[in-house]
1. Can you give the relative contact order of the stretch 62-144 as a percent, counting alpha carbon pairs under 8 Å and 6+ residues apart?
2. Round to a whole number: what % of the accessible area of the chain belongs to carbon and sulfur, probe 1.4 Å?
3. Would you calculate the separation in nanometres between label points at residue 151 and residue 6, each defined as 7 Å from the Cα along the Cα-to-beta-carbon direction?
4. Skip the ligands, DNA and RNA, and give the accessible area per residue of the chain with a 1.4 Å probe, whole Å².
5. In whole angstrom, note down how far apart the Cα centers of the stretch 93-162 and the stretch 30-67 are.
6. Given the -39500 (n - 2.57) contribution per DSSP H run of 4+ residues, what per-residue ellipticity at 222 nm results for the chain, rounded to the nearest 500 deg cm²/dmol?
7. Between residue 83 and residue 105, with labels modelled 7 Å along Cα→Cβ, what's the label distance in nm to one decimal, could you check?
8. Using a Gaussian network model of the chain whose springs link C-alpha atoms within less than 10 Å, name the residue from 133, 17, 154 with the highest mean-square fluctuation.
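The values are calculated or read from the model by the stated rules, or taken from the named source; none is laboratory data. All values reported here derive from a predicted model rather than from experimental measurement. Cβ sites come from the backbone with ideal geometry, for glycine too, and all protein chains shown count toward neighbours. Keep in mind that these areas ignore ligands, DNA and RNA; they rest on the heavy atoms of the full protein, side chains included. Shrake-Rupley method; radii C 1.70, N 1.55, O 1.52, S 1.80 Å.
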Amino acid sequence: MAPSKSIQLDEFDLAILEELQVNNRTSLQEIGKSVNLSAAAVQRRVRRMEDARVIQSNVAIVDPASVGRPITIVVEVQIDSEQADLMDSARREFAAAPEVQQCYYVTGAADFILVLTVSTMEEYEQLSRRLFLENRNVKHFNTFVAMNRVKTSLRVPLIPGKGL
């Protein structure tokens, strides 16, 4: 994922982003009314933020349980060697697995934190074998099975005090 280009975001841009994070299918006219700009001005600003990679993607958020993937698992992974090529290999392997929803390279006791979604514990057992047990550079992994999805969001807070 390419880093975003450096652009200045003003209060209108932030207000547009707030609207899009709630529902990216909101019409330009509706957003314009909400932020006090014309639809054409909103469109130019959205295009500018897309070009600069501030807006990285427009996606549908799918409920995993509704599509047969009700189990969310968080995994801490410790790598044996932090040699650059081995770290890059692990990063690529984790990122390529479709079951991995999120992967973070972190500080602390773990090197990576992964958020996975699977249909059964048997599927997770096979996945953990492939990603962790068969990977000679994985020193240790620790699994947490989510009992309940209390909050899941990719929303970025932009305006202090603006509700969820």
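1. Details: 118 pairs, mean separation 36.6, N = 83.
Relative contact order, the stretch 62-144: 44 percent.
2. Numbers: 5730 of 11090 Å².
For the chain, the apolar C and S fraction of the accessible surface comes to 52 percent.
3. With each label placed 7 Å out from Cα toward Cβ, I get 3.2 nm.
4. Values: 11090 Å² over 164 residues.
Per-residue accessible area for the chain comes out at 68 Å².
5. 27 Å
6. On the way: 5 runs with 54 residues, N = 164.
-10000 deg cm²/dmol, from helical runs alone.
7. If labels sit at residue 83 and residue 105, their model points lie 1.7 nm apart.
8. Of 133, 17, 154, the most mobile in the Gaussian network model is 154.
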